[in-house]
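The values are calculated or read from the model by the stated rules, or taken from the named source; none is laboratory data. What you see is a predicted model, and the numbers here were worked out from it, not measured in a lab. For neighbour counting, all protein chains shown are included, and Cβ atoms are generated from backbone atoms with ideal geometry for every residue, glycine included. Just so you know, the surface numbers come from the protein's heavy atoms only, side chains and all, with ligands and any DNA or RNA stripped out. Shrake-Rupley method; radii C 1.70, N 1.55, O 1.52, S 1.80 Å.
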Amino acid sequence: MTKEEAYILLSFHSCRNNDIENEKWENGFLGSLRPFRGKLYECNFIEIMECLKVLADDFMKPTINQTLISDVYSIIHLGRRWIVGTDFVSQEQQKQIIEWVDIIQDCFYYLLEGDVDTAFHEYEEFRINNKES
């Protein structure tokens, strides 16, 4: 994946891309949560994390791209906000979404701190413990 592709994918997962007719917008991380259609897509979480890997050095620049920050923060903030206290997402699904968002949030924090090794530690543990479906 190129950096350009990673930026585009994050914009779809955050529902901040203007191409709302694109299937990726509706089926991306946030798009699949609102309206929630009963199914979670681990592949969206994995794709976000892989985008962050590709863009990791962009977080080390003296000036970080505002779009990058906004896309990642939207995924974290809205990913949590849209599922809290809802009746249409089961407790098990809420727990899964929160786990993914926590991993993204921790990664985001460590990338901003310049600690790439720690940034992806939880994600790597998740991958080992959940052996891709």
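Within the stretch 65-103, being acidic (D, E) and open to solvent by less than 70 Å² (accessible area, probe 1.4 Å) holds for D71, D102. Within the stretch 1-37, the set of residues being open to solvent by less than 20 Å² (accessible area, probe 1.4 Å) and of a type in the set (S, T, Y) comprises S11, S14, S32.
Going by what's in this entry, would K39 be described as out of contact with any helix residue (DSSP H, G or I) (no Cβ under 7 Å at 6 or more places or on another chain) and assigned to a helix (DSSP H, G or I)?
No; evaluated as a whole, the condition is false for this residue.
Taken over the stretch 38-64, the criterion of being over 16 Å from the mean Cα position of the chain (by Cα) and exposed (fewer than 14 other Cβ atoms within 10 Å of the Cβ) is satisfied by G38, K39, D57, M60, K61, P62, T63.
Of the residues making up the stretch 15-36, those that are assigned to a loop (DSSP other than H, G, I, E, B) and over 19 Å from R81 (Cβ atoms) are N17, N18, D19, I20, E21, N22. Picking from residues in the stretch 65-88 that are of a type in the set (A, V, I, L, M) and in contact with a Leu (Cβ under 8 Å, 6 or more places away or on another chain), the one that is farthest from L30 (Cα to Cα) is L68.
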